[in-house]
1. State which residue is surrounded by the fewest Cβ atoms within 10 Å (Cβ to Cβ) when the search covers only segment 100-138 and only residues that are in contact with a Phe, Trp or Tyr (Cβ under 8 Å, 6 or more places away or on another chain) and aliphatic (A, V, I, L, M).
2. Tally up the residues in segment 347-368 that are outside any strand (DSSP E or B), closer than 21 Å to Y333 by Cβ and of a type outside the set (V, I, T), please.
3. Does segment 46-67 hold any residues that are part of a loop (DSSP other than H, G, I, E, B) and either acidic (D, E) or touching a residue at least 24 places away in the same chain (Cβ under 8 Å) (or both), and which are they?
4. Does F94 satisfy the criteria of being surrounded by 13 or more Cβ atoms within 10 Å (Cβ to Cβ), touching a Leu at 6+ places or on another chain (Cβ under 8 Å) and among the aromatic types (F, W, Y)?
5. Kindly evaluate K185 against the criterion of being more than 27 Å from G119 (Cα to Cα) and either buried (at least 16 other Cβ atoms within 10 Å of the Cβ) or not aliphatic (A, V, I, L, M) (or both).
6. In this structure, is V170 of a type outside the set (D, E, K, R) and either more than 25 Å from E76 (Cα to Cα) or in the same structural domain as P68 (by TED's automatic domain parsing) (or both)?
7. Starting from segment 202-219, take each residue that is touching a residue at least 60 places away in the same chain (Cβ under 8 Å) and list its partners that are part of a loop (DSSP other than H, G, I, E, B) and of a type in the set (S, T, Y), counting only C-beta distances under 6 angstrom and pairs at least six apart or across chains.
8. In this structure, does Y24 turn out to be among the hydroxyl-bearing types (S, T, Y), under 23 Å from S204 (Cβ atoms) and not assigned by TED's automatic domain parsing to the domain that holds L216?
Amino acid sequence: MQDDTSMVFEVSEFVDYFNQTIEYAYNRVKIYGEVSNLKLRNNIIYFDLKDNFAKVEFWGYASNLDCPIEPGMLIEVISTPRLHPKFGFKLNFFAIKLVGEGSIKKSADLLKERLLKEGLFDESRKRNIAYPPSSIGLITSIDSAAYADFIKILTNRFGGIRIVVKDVLVQGDKSSDQIIDAIQKFNSSDKLVDVLVITRGGGSPDDLQYFNSEKLVRSIASSRIPTLVAIGHETDESLAELAADKRASTPSNAAELLTPSRDVATSILDNELKSLKSFISYRINFEEQRIGSLYSDFINSAKYVMSEEEKYLDMVEEISKAYDPKLPLKRGYALIKKDGVYINSETVLSLKDSIMIETSRYNIESEIKTLEKKNGQK
């Protein structure tokens, strides 16, 4: 018997109608189960989620998978159910949460092994952190005990440090994205802080699994600003801690690693002041001795130069005396002038020329009576 109330669709119409209905009723669903039949094809991941009685198929872009998964792992998937025109009913996943300590550890180990091969955790990549820093970028929940402990210890130990806080979730699906966004904002600031501190208190592996997020780990590793990650748990280190430039065991320990205590700082300053005073005293004494030595050398050099100049002047005086034309007059010689000019070998003389004879005591005017050339000179 035909049911005239049944709705009749063409196939494509039914697909559209079904998707509109399912999207309205179940826009986003969380499904928990065990991974099976995992495949990667053209940057798209396909897998099934199953329990003891059923299985459903999932697909999604690899970029939406922020932690490695493998068959047998227990996960919780946030997805949207869709009926595909050609491939049937599947769920499009947007985010995946690991469930259970075993799955969380296995996923972290897989990612750790891959990042180790890339050298992301190498000690050679670690940078020094200013001690103490003049400014700190603090990424945490301001409502947490971790925030209160860090601020309290830091203030008690060392004052005057500028602290810029980004309030974020530190657990839950949105925590890693918020922390990544805070890191990016600090790194894009015009005035960079000296260090980024990412911190939260302890928690279960389920609470802390978001600090093994691949996107968060890479964001910490690529930060322009040196990083310190402090998560209050005493078990295995998270991958975020391994990627950071420095790791602290607790928020309080982070404050202790960044700053000296006031007593230690005071003691260091006292010792530095004593060393500075001693150095200044030494330098003053050294410079006094050096200046004294330079002054003594200058005096000795000046005396030597003056002595040499005196000798030179004496020599010049002796030479000038030797060349003094008046000096021979004292020994009985005379100088003869004609027309006011001293006679030399080139002077032309004639009989009856008037000449002046200069002795040491007299000037004698005379007339040439006789003139005879010597030694056959013409």
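1. Selected residue: L115.
2. To start, the set of residues in segment 347-368 that are outside any strand (DSSP E or B) comprises 347-353, 359-362, 368.
With closer than 21 Å to Y333 by Cβ added as a condition, the list becomes 347, 349, 353, 359-362, 368.
Cutting the leftovers down to of a type outside the set (V, I, T) gives us 349, 353, 360-362.
Residues that pass the stated criteria total 5.
3. Of all residues in segment 46-67, those part of a loop (DSSP other than H, G, I, E, B) come to 51-54, 65-67.
D51, L65, D66, C67 - these are the residues of segment 46-67 that are part of a loop (DSSP other than H, G, I, E, B) and either acidic (D, E) or touching a residue at least 24 places away in the same chain (Cβ under 8 Å) (or both).
4. Working: surrounded by 13 or more Cβ atoms within 10 Å (Cβ to Cβ): yes; touching a Leu at 6+ places or on another chain (Cβ under 8 Å): no; among the aromatic types (F, W, Y): yes.
Against the criterion (surrounded by 13 or more Cβ atoms within 10 Å (Cβ to Cβ), touching a Leu at 6+ places or on another chain (Cβ under 8 Å) and among the aromatic types (F, W, Y)), F94 does not qualify.
5. Values: more than 27 Å from G119 (Cα to Cα): no; either buried (at least 16 other Cβ atoms within 10 Å of the Cβ) or not aliphatic (A, V, I, L, M) (or both): yes.
Taking the combined requirement at face value, the residue does not satisfy it.
6. Numbers: of a type outside the set (D, E, K, R): yes; either more than 25 Å from E76 (Cα to Cα) or in the same structural domain as P68 (by TED's automatic domain parsing) (or both): no.
So V170 fails the test.
7. Filtered contacts from segment 202-219: N212/S238.
8. Working: among the hydroxyl-bearing types (S, T, Y): yes; under 23 Å from S204 (Cβ atoms): no; not assigned by TED's automatic domain parsing to the domain that holds L216: yes.
Here the answer is no, as Y24 does not meet what is asked.
The values are calculated or read from the model by the stated rules, or taken from the named source; none is laboratory data. Just so it is clear, the model here is predicted, and its values are computed rather than measured. As a convention, Cβ positions derive from the backbone with ideal geometry for all residues, glycine included, and neighbour counts pool all protein chains shown.
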